[in-house]
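Taking it in order: structure first as structure tokens, then the write-up.
A short reminder: the numbers here are calculations on the coordinates, not readings from a lab. Bear in mind that the values here come from a model prediction, so they are computed numbers and not experimental data. For neighbour counting, all protein chains shown are included, and Cβ atoms are generated from backbone atoms with ideal geometry for every residue, glycine included.
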Amino acid sequence: MNGKFWLSIFILIMTLISCSAPGEQVSQPESMADAETSSAPRIALVMKTLTNPFFAEMERGARRAETEFGIELIVKTAAQETSTEQQISIVDGLIRDGVDAIVIAPGDSLELIPVLKKAQDAGIVVINIDNQLDPEFSQSEGLATVPFISVNNETAAYQSAKFISEQITAPTQAVILEG
């Protein structure tokens with residue numbers, strides 16, 4: 001695969017991490033016919049669901065990368081974050097469609113490994129985002145090393161709490177909300 005393909009993958013991932021700016025317009029591909037005749041890398045983004053605002057913003061960022069870097073983005077989602085069987089079916093379909101890469105936020109760290117191995121065996125680049133695939137099971141199933149890209153929530157929480165605590169100049173109370 002050429003350098004433009006890998007650059008497109010890298011830029012798509014970086015855009016997914018940063019997501020799009022609030023209120024930013026997101027462009028859509030002009031038509032499927034244009035996409036089918038294009039020689040642009042076909043990169044599938046498989047997310048858990050679009051009912052979670054986090055994933056909706058992720059799609060917005062990916063659409064921006066699609067326009068800016070000339071890739072063909074295929075976005076697929078399951079009905080619910082726990083619809084693992086649906087994600088497996090989506091990946092099977094993407095293998096049949098012969099996409100160049102699959103960027104996946106797996107709904108389960110174990111159950112998707114066999115189908116992702118099948119994708120790798122078909123020559124499809126697999127990149128793991130958000131929820132890390134189980135490294136030991138991946139290795140036992142023969143899944144080659146899959147890059148994992150995500151936010152370190154523990155570090156982010158620490159930095160946030162540290163910043164807030166540095167702003168406090170008098171004794172106060174704090175509440176921690178979990179969701």
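Listed values, structure above:
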read-out	value
For region 98-179, alpha-carbon Rg over 2.2 N^0.38 Å	1.62
Ala170/Leu50 FRET efficiency (R0 41 Å; Cβ-Cβ; nearest 0.05)	0.40
Listed residues Ile124, Pro135, Ser165: farthest to the positive end of the dipole of region 98-179 (Cβ charges)	Ser165
Sum of side-chain charges, Leu112 neighbourhood, beta-carbon under 14 Å (Lys, Arg +1; Asp, Glu -1)	-4
Label-to-label distance, nm, for residues given as Gln159 and Ala144 (7 Å Cα→Cβ offset)	3.2
Potential extension, Lys118-Ala79 segment - 0.36 nm per residue separation minus Cα distance	11.7 nm
